[in-house]
Amino acid sequence: QVQLVESGGGLVQPGGSLRLSCAASRSIFNAYAMGWFRQPPGKGREFVAQITSGGRTNYADSVKGRFTIPRDTKNTVYLQMNSLKHEDTAVYFCNARHEVLRTDSWGQGTQVTVSS
C-alpha cells in the first residue's frame with residue numbers, strides 16, 4: 001500500500017488557476033501510474049488525468065488544454081488547473097495504480113470550489 005496526501009484545494013474564481021499536490025509516502029514513480037479523479041456534488045467519481053511510469057499522459061476530454069499533470073523526480077505529482085470553470089467544482093482524489101498488480105491506492109481528497 002502507498003499512502004497519498006493531497007493538498008492545494010480551495011476556492012477560486014472562474015477563469016482562475018489552482019495547483020493540487022499529491023505526495024506519496026515513498027518513491028513509486030517507476031512502478032505506478034499516478035492519476036487524479038474527481039467527484040462533483042451529487043455525482044460519481046470520474047477520471048481527470050493520469051501519468052504513467054513512462055511519462056505518458058492522458059486527460060479527460062473535459063479538461064484537455066486546461067489541466068496538466070506534472071510530477072517531480074521523487075514522490076510528488078501535481079494537477080495544474082487553468083481556466084477553471086464552475087463545472088470543475090468537485091472533491092479531487094489522487095490515485096496510484098501499480099502497473100503490474102493493478103492495485104489502487106487513494107488519497108483522502110481535497111475540495112476545489114470554482115465560484116464568483
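Some observations on this one:
- Solvent-accessible heavy-atom area per residue, rounded to whole Å², over the chain at 1.4 Å: 52
- For the chain, the share of accessible area belonging to carbon and sulfur comes to 47 percent (1.4 Å probe, ligands and nucleic acids excluded).
- Residue-count net charge about R45 - beta-carbon cut-off 12 Å; Lys, Arg +1, Asp, Glu -1: 0
- Each other residue within a Cβ distance under 11 Å of M81 adds +1 if Lys or Arg and -1 if Asp or Glu, for a net charge of +3.
- If you look at the Cα atoms of the chain, you get an Rg and a Dmax of 13.4, 44 Å.
- For trypsin sites (Lys or Arg not before Pro), the sites in the range 26-95 that DSSP calls loop and that have at most 16 other Cβ atoms within 10 Å are R26, K43, R45, R56, K64, R66, K74, K85.
- Local electrostatic count, W36, Cβ distance below 14 Å [Lys/Arg +1, Asp/Glu -1]: +3
- Only the Cβ atoms of Lys and Arg (+1) and of Asp and Glu (-1) were treated as charged; on that basis the dipole of the chain about its Cα centre amounts to roughly 140 debye.
- Kirkwood Rh and Cα Rg combined as Rg over Rh, evaluated for the range 73-116: 1.07
The values are calculated or read from the model by the stated rules, or taken from the named source; none is laboratory data. Source: prediction; values computed, not measured. Quick reminder, even Gly has a Cβ in these numbers, built from the backbone with ideal geometry, and neighbours come from all protein chains shown. Surface areas here come from the heavy atoms of the whole protein model, side chains and all, with no ligands, DNA or RNA. Shrake-Rupley method; radii C 1.70, N 1.55, O 1.52, S 1.80 Å.
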